[in-house]
Amino acid sequence: GYYSNNFRNGIWIEWIEPGKIRSLGEYKNDWKKGLWKFYNTNGKLLYLRRYSSFKKDDVGERIEIND
């Protein structure tokens with residue numbers, strides 16, 4: 001991701017360790033935006049979270065993945 005005026009903006013990837021993604025999603029002015037994907041240490045998609053309120057207490061709507 002990148003910073004603009006000290007705020008996170010754009011697509012961000014958070015890593016568990018090199019080569020292993022923990023989460024992937026978009027920030028807008030330091031707030032999580034839209035649909036984020038969360039993975040386990042084996043790279044399996046665990047769940048999604050949808051962020052929409054741009055409020056400090058927004059933990060996002062959790063969406064379970066059914067295999």
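If we scan region 18-26, do we find a residue that is part of a strand (DSSP E or B) and of a type in the set (Lys, Arg)?
There is at least one residue in region 18-26 that is part of a strand (DSSP E or B) and of a type in the set (Lys, Arg).
With the requirement that a residue be open to solvent by 50 Å² or more (accessible area, probe 1.4 Å), in contact (Cβ under 8 Å) with a residue 12 or more places away in the chain and either among the polar types (S, T, N, Q) or touching a helix residue (DSSP H, G or I) at 6+ places or on another chain (Cβ under 8 Å) (or both), what does region 7-42 give you?
Asn29, Thr41
Would you check if there is a residue in region 12-35 being at pLDDT 95 or above and of a type in the set (Val, Ile, Thr)?
The answer is yes; a qualifying residue exists.
If we scan region 36-54, do we find a residue that is modelled with pLDDT under 95 and aromatic (Phe, Trp, Tyr)?
Yes, region 36-54 contains a residue that is modelled with pLDDT under 95 and aromatic (Phe, Trp, Tyr).
If I go through region 5-45 residue by residue, how many of them are of a type in the set (D, E, K, R), in contact with a strand residue (DSSP E or B) (Cβ under 9 Å, 6 or more places away or on another chain) and more than 22 Å from Lys56 (Cβ to Cβ)?
Going through region 5-45 one residue at a time, the tally reaches 2.
Taking region 43-67, which residues are open to solvent by less than 80 Å² (accessible area, probe 1.4 Å), in contact with a Lys or Arg (Cβ under 9 Å, 6 or more places away or on another chain), assigned to a loop (DSSP other than H, G, I, E, B) and not β-branched (Val, Ile, Thr)?
Gly43, Asp58, Gly60
Just checking, how many residues over region 39-67 are aromatic (Phe, Trp, Tyr), closer than 19 Å to Arg8 by Cβ and touching an Asp or Glu at 6+ places or on another chain (Cβ under 9 Å)?
Final tally of qualifying residues: 1.
The values are calculated or read from the model by the stated rules, or taken from the named source; none is laboratory data. Please read these numbers as outputs of a predicted model, since none were measured by experiment. Glycine gets a Cβ as well: all are built from the backbone with ideal geometry, and neighbour counts include every protein chain shown. The area values use the complete protein model at the heavy-atom level, side chains included, leaving out ligands, DNA and RNA. Shrake-Rupley method; radii C 1.70, N 1.55, O 1.52, S 1.80 Å.
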